[in-house]
Every structure is written in structure tokens, then in C-alpha cells.
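Chemist: Before anything else, here's the structure in question.
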């Protein structure tokens, strides 16, 4: 991850270790913060012992993501050394455990000192947020970027609002443009500004194009997938495809594998969206994708996703349930994670609440689908080949009026899910941190405030307004006077 320098410029050149970052911002190598925090706890087990774990949290959280959920711990402490969290849990339990270790001659006295000096925080301590679906922000658009500076401008807009890990999304375009943008975004990934690349198209349904250009859509093409994967150098993470298209879930003809197998073999998670599929077509595609991911060695949580559930999909009808209801059923069974743009614009708050209730927070990924207008005033913007007009904070195609992406930051989506939809805070945060980290296969590295994870933290006020953001132990943004 790069960093804002003292001269106001963004750089990651010449800064090679956490101690250098800490010195840059006058941060100690070892520090701790204490206050209400959303922390991982073991999800298995019943009875009083389990209840106590969920209430108090645990100092050394398990690294087995399958057994972990997130809960709000009222008096939490997070201890950071350099770029890594070394301990997290209930404060009194942590202090007691440290005292016991020190008496036995096993504990590190420096950790005990950090615990005693832990800075008190009155708002919330959250894990850094992870956005699987973002087209830009701050006036910059990933599908239109031609320089690394433009990419970084969009990344910084979201980082300054608590999104510490970001997947850059492209839209349907010509193969040449997609490969050019992939090359640029892969360079940004190499330099640790981005966590990966998402292609939304071009294998989509023209009947459910939304803000995508139907004239540039095409039939599934394994050669294009492989070319993008080669250009992406390992950073191609997810791809939105319409499940009903020939060749997606089943071989089109001859020995060629279906597209879901091509994607899985390249390390790419299939995401189903912009679709006019029947429920049966969606179901077959999810089952095929699940089998392909298992065959490719994908770990726990790395399952197919539904691209912005309900949006860009055939609507539900009582005699034709369509892809959305099937996606919900598949998510409830554990085969799928559904993306929700729970910003009260793309979905009614009640809809988001009902989806959480139906599938559980472990199978929901909150996303922004943000475009260049995120964090910007109303006006005219670009989203790939499409002109977009933003009025009242809502982005719509200038020609046609379809909703054309979001203008919120991920912390805003979490706040809306919490306050407007009534989702418990810890569940909303989990859907914007741990769940997307699992989809990326990186939950052992980031996505939760647990020992051994990257020191990605968001310190917010009681209304979830981010006041300090730390990415890999680096204080990326602070609005607090010290």
C-alpha cells in the first residue's frame, strides 16, 4: 500500500518497511487502541461458553475463517506492531492474559506496556473495508483511466473513507480497451494500490444491460478470458457473466470446457449478473461454478457471487421466480455470496434486510458499484463509453435514464444497512470486510481485526463517519487534531 507523504504527494517508492511508515507519521512501532470494536469470534458451539466468547471476544482469534463471525465487543483492544495486528480481543481479558504470561516469564513486556497505554476511542473500531465492485470515485473512473495517477485518485477517494482493499471494476468494452485497462490496473496492483481486477462484461445479456453498452457485448469467449488473465498477471479476481449464455455452464460444443471452468482454472471467481436467466439456468450455472472452483482448489469462502443482486436482473414474478430468488436460495445453501448495493437507492432498505435474514450475513457482500461521481458533486461523468448524469446523488445514464452505478463509499453502504435496513452493526461490517476477503481467498491476510492480519483499521465516530484510517499499519488519513 502506498502512502501520502509529508509534502502532500502520494508515493510508495523508497518506503520499504513498517518502521519507515511509522516514523513518517510519528507512530510507535508498537501501539494499541481501545474502545467499542467489531471483532472476530468463534461461531461454533452452544451454551454459556459460546455466549461468553461472543460477548467478550478472544485475544488470539482462530485463523480458521470457517469458524469465525464478527461481533461488537464493547471494550475491545487491538494491538498493532508495524504492519500487523498481533492481538485483539476484550480489553480486561487481554490485560489479564498478558499479566499471566509475564509472571510466567513468557510475555513480551512491550506488549503489556502497549496495553496499559492503549489509546481510548469513543466511536467504533472497525476492520478496514473491502469492496469487490467499484468503478471509481473522486472524479476518476477505472474504465476510463489512462494513467496510474488517475487510478490512484479513485483509490484514494475510497481509502480516505475507510475502504482499505479495493477491487477495480471495468465495464463492457472492446477487447483492445479491456486489455489496455487491465494492463494499467495490473500495474496498480503490482504497486499495492489495488487488490485486484473485476470485469463486468462483455459476456452479458443485452436484455439486462443496465448502464452497459449492449453493442459491445459478445458471446462467451475463452480466448478473451485467457488473454485478460495473462495481461492481469494474477490480479484478475472476478468476472460478471450472464449464466444463460451458451457455453457458460455447459460446453458449447466439442471438448472445450464451459466458461466457468476456464475462469476457475485462471483463479477467477465467476459472478452472475446482468442476466435474463430463468431460475433453473441460474441454478445450473451456480452448481457448475461451485464444482469448477472446488476442482481448481479454491478454499473456504471462495464461491461464486451474484453481481449486485436484483439490479440488472429479470425481476421476480410469482410464476417466474427468475435469477434473483435462485441466487438467494443458492446463497442460503452456502454455494454463493450475493452482492448488495444497500445504499437505499439501488435497493429499498426492506429488501436488504430480507436478504440478510434469508441467507445470513456470511453470504452477503456489501458493495458500492461506485463510479467517478463518488465523493463528488452532481454533474456529468463518464462510465466507460457511457455518459452519466448525477442529480441528487443518483447516477443515471444521460441517454435512457437507467441507474448507472453508485455514488456512495462503502462505509456509507454499511451505515445504510445498519440504520435504514436495521442490520446489526457487526453483520453489516462483516458483509463489507470478512465476507469479501473470503471471496478473494484472503481472509487469512485481511478483512478482520485478528492476530496475524494486516493492520487495516477504521476509527469512526458513533455515526460511522471515518475519522482515522490505517492501511497495513500506515495512517492513511486522519481528521483528528492531536
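Chemist: Look at segment 340-379 and say how many of its residues are within 18 Å of the chain's Cα centre (by Cα), closer than 17 Å to residue 407 by Cβ and either not in a loop (DSSP other than H, G, I, E, B) or not assigned by TED's automatic domain parsing to the domain that holds residue 419 (or both).
Modeler: 3
Chemist: Hey, among 422, 463, 400, 441, which residue is part of a loop (DSSP other than H, G, I, E, B) and under 19 Å from residue 165 (Cβ atoms)? Let's see the steps before the verdict.
Modeler: Numbers: 422 fails: under 19 Å from residue 165 (Cβ atoms); 463 fails: under 19 Å from residue 165 (Cβ atoms); 400 fails: under 19 Å from residue 165 (Cβ atoms).
Every option except 441 fails the conditions.
Chemist: Another question, then. Could you check how many residues of segment 74-112 are touching a residue at least 12 places away in the same chain (Cβ under 8 Å) and out of contact with any helix residue (DSSP H, G or I) (no Cβ under 9 Å at 6 or more places or on another chain)? I'd like the intermediate steps shown before the answer.
Modeler: From segment 74-112, those touching a residue at least 12 places away in the same chain (Cβ under 8 Å) are 74-95, 97-99, 110-112; that's our starting set.
Filter once more, so that each one left must be out of contact with any helix residue (DSSP H, G or I) (no Cβ under 9 Å at 6 or more places or on another chain): 78, 85, 97, 110.
Result for segment 74-112: 4.
Chemist: Against the condition under 23 Å from the mean Cα position of the chain (by Cα) and buried (at least 24 other Cβ atoms within 10 Å of the Cβ), how does residue 264 come out, does it pass? Working first, answer last.
Modeler: On the way: under 23 Å from the mean Cα position of the chain (by Cα): yes; buried (at least 24 other Cβ atoms within 10 Å of the Cβ): yes.
Yes: the conditions hold for residue 264.
Chemist: Please state which one of 131, 144 is touching a strand residue (DSSP E or B) at 6+ places or on another chain (Cβ under 6 Å), buried (at least 23 other Cβ atoms within 10 Å of the Cβ) and at pLDDT 95 or above. Please lay out each step first, then the result.
Modeler: On the way: 144 fails: buried (at least 23 other Cβ atoms within 10 Å of the Cβ).
131 is the lone residue from the list that is touching a strand residue (DSSP E or B) at 6+ places or on another chain (Cβ under 6 Å), buried (at least 23 other Cβ atoms within 10 Å of the Cβ) and at pLDDT 95 or above.
Chemist: I want to confirm something. Restricting to segment 308-340 and keeping residues that are touching a helix residue (DSSP H, G or I) at 6+ places or on another chain (Cβ under 7 Å) and in contact (Cβ under 8 Å) with a residue 60 or more places away in the chain, which single residue is farthest from residue 428 (Cα to Cα)?
Modeler: 314
Chemist: Quick one: residue 305 ticks every box in (1) within 13 Å of residue 272 (Cβ to Cβ); (2) out of contact with any strand residue (DSSP E or B) (no Cβ under 6 Å at 6 or more places or on another chain) bar one, so which box is it?
Modeler: Looking at each condition in turn, residue 305 falls short on (2).
Chemist: I want to confirm something. Restricting to segment 66-109 and keeping residues that are within 30 Å of residue 335 (Cα to Cα) and outside any strand (DSSP E or B), which single residue is modelled with the lowest pLDDT?
Modeler: That would be 66.
Chemist: Can I ask one more? Given the options 220, 255, 315, name the one that is modelled with pLDDT under 95 and over 26 Å from residue 442 (Cα atoms).
Modeler: Working: 220 fails: modelled with pLDDT under 95; 315 fails: modelled with pLDDT under 95.
Going through 220, 255, 315 in turn, the sole match is 255.
Chemist: May I pose another question? Restricting attention to segment 210-230, which residues are within 21 Å of residue 381 (Cβ to Cβ) and buried (at least 21 other Cβ atoms within 10 Å of the Cβ)? Let's see the steps before the verdict.
Modeler: Looking only at segment 210-230, we keep the residues that are within 21 Å of residue 381 (Cβ to Cβ), and these are 210-216.
Scanning segment 210-230 gives 210, 211, 212.
The values are calculated or read from the model by the stated rules, or taken from the named source; none is laboratory data. All values derive from a computational prediction rather than experimental measurement. As a convention, Cβ positions derive from the backbone with ideal geometry for all residues, glycine included, and neighbour counts pool all protein chains shown.
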